[in-house]
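Notes follow once the structure below has been shown.
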Amino acid sequence: MRTPIIAGNWKMFKTVAEAKALAGEVRQAVANIDQVEVVLCPPFTALTAVKEVIDGSKVGLGAQNMYWENQGAFTGEISPLMLAGLCNYVIIGHSERRQFFGETDETVNKKVKAALAHQLLPIVCVGENLAQYEAGETVAFVGSQVKGAFAGLSAEEAAKIVVAYEPIWAIGTGKNAEAAGANNIIASSIRGTLTALYNESVAQKVRVQYGGSVKPDNIEGFMAQPDIDGALVGGASLKADSFAVLIKGALVKFKS
Ligand code: 13P
């Protein structure tokens, strides 16, 4: 079975002091949970501080973005070289980056390749907007995003990637996708595309998270779906108690 992975995307929230406190609470809350991989993605400014807090625990660390060049005159950007050794994961192509900061399938692909070259595991975000959803374009659109993100990757590289299916209309809106519907989209547009690009074995190795208004009261429904391996969580990851409930919710995978 694919190891479930619950990641907290703290977005542009938490000062360094707040991030340290939250990371400490999460570390304590998940100390006895071995079967679920937990990843915290604080803002860049808090990565080092959070790393110190979670050091020696099984909690992993992710960045929310990065540029693809190792160094250079790119004011304000953070490179894979700077994140390597600090983080295990990096979120790439979040819809907010695509929407507000001009990221495209091409830049996502460059970032994915740069991350893998530095042993950073990409969490690649895909997902349709409301108009696309209502027009029935979801499967084709998400499939095209997957093709763009994975372009030029070997099967071995592809199998390491985590994909987060985050319908834009469900992010921060309280309107989550219906679990079985999200599972069907993941099966067809993500695993189906990976099967076509590589083979069934690669498609079955890639872990796929659902994201968009994941909350304590709906996590088990998502995690009970066969093609959903975890969640990428915004709002509900900003408090240790609700985030801990989500991580425990992933244990539903181990109930027969
Ligand atoms: P919310 O959980 O706040 O809807 O955010 C989802 C998200 O964008 C995670 O990356």
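The values are calculated or read from the model by the stated rules, or taken from the named source; none is laboratory data. Being a predicted model, the structure only gives us computed values, none of them experimental. So basically every Cβ, Gly included, is an ideal-geometry build from the backbone, and we count neighbours across all protein chains shown. Keep in mind that these areas ignore ligands, DNA and RNA; they rest on the heavy atoms of the full protein, side chains included. Shrake-Rupley method; radii C 1.70, N 1.55, O 1.52, S 1.80 Å.
Observations
- Rounded to the nearest Hz, the phi-derived 3J(HN,Hα) couplings of segment 142-153 under the Karplus curve 6.51 cos²θ - 1.76 cosθ + 1.60 (θ = phi - 60°) are 5, x, 5, 5, 5, 4, x, 5, 8, 3, x, 8, where x marks glycine and proline.
- Look at the alpha carbon pairs under 8 Å that are at least 6 residues apart: their mean separation over the length of segment 8-110 gives a relative contact order of 23 percent.
- In segment 123-205, the trypsin sites (Lys or Arg not before Pro) that fall in loop regions by DSSP, at most 12 other Cβ within 10 Å: K175
- Across segment 80-97, coupling constants 3J(HN,Hα) worked out from phi with the 6.51/-1.76/1.60 Karplus curve, θ = phi - 60°, read x, 4, 6, 8, 4, x, 9, 10, 9, 10, 9, 6, 10, x, 4, 4, 5, 6 Hz, and Gly and Pro carry x.
- Under the criterion of Cα pairs below 8 Å and six or more residues apart, the relative contact order for the chain equals 21 percent.
- Amide H contacts under 5 Å for I78: Y67, restricted to partners 5 or more places along the chain or on a different chain, H placed in the peptide plane at 1.01 Å from N.
- In a reduced charge model with +1 at each Lys and Arg Cβ and -1 at each Asp and Glu Cβ, the chain shows a dipole moment near 380 debye about its Cα centre.
- If the segment from D34 to L251 were pulled out straight at 0.36 nm per residue, it would be longer than the present Cα-Cα gap by 77.1 nm.
- Under-5 Å amide H pairs with L61, H placed in peptide plane, nonlocal only: L40, N88, Y89
- At a probe radius of 1.4 angstrom, the accessible area of the chain per residue rounds to 43 square angstrom.
- Residues of segment 216-255 with amide N under 16 Å of the 7 Å Cα→Cβ point at A180: 221-228
- Most mobile of T104, T15, T138 in a GNM of the chain (Cα contacts under 10 Å): T15
- Lysines whose Cα lies under 20 Å from that of K160, excluding same-chain neighbours fewer than 8 positions away: K58, K110, K111, K113, K147, K205
- Selection from Q35, A203, Q145 lying farthest towards where the dipole of the chain points positive, charges on Cβ: Q35
- Segment 102-116 - phi-based ³J(HN,Hα) in whole Hz, Karplus 6.51/-1.76/1.60, Gly and Pro as x: x, 6, 10, 4, 5, 5, 4, 4, 4, 5, 4, 5, 5, 4, 4
- 222 nm mean residue ellipticity, helices alone, for the chain (DSSP H n ≥ 4; -39,500 (n - 2.57); rounded to 500): -10500 deg cm²/dmol
- Environment charge of G230, counting only residues whose C-beta is closer than 9 Å and scoring Lys/Arg +1, Asp/Glu -1: 0
- Largest mean-square fluctuation among G235, G143, G102, in a Gaussian network model of the chain whose springs join Cα atoms under 10 Å apart, belongs to G102.
- Relative contact order, whole percent, for segment 211-256 stands at 48, derived from Cα pairs under 8 Å and 6 or more residues apart.
- For segment 36-116, the set of chymotrypsin sites (Phe, Trp or Tyr not before Pro) satisfying both a DSSP loop assignment and a count of at most 15 other C-beta atoms within 10 Å is given as F74, F101.
- Two-site label geometry, L81 and R2: point separation in nm, points 7 Å out along Cα→Cβ: 3.4 nm
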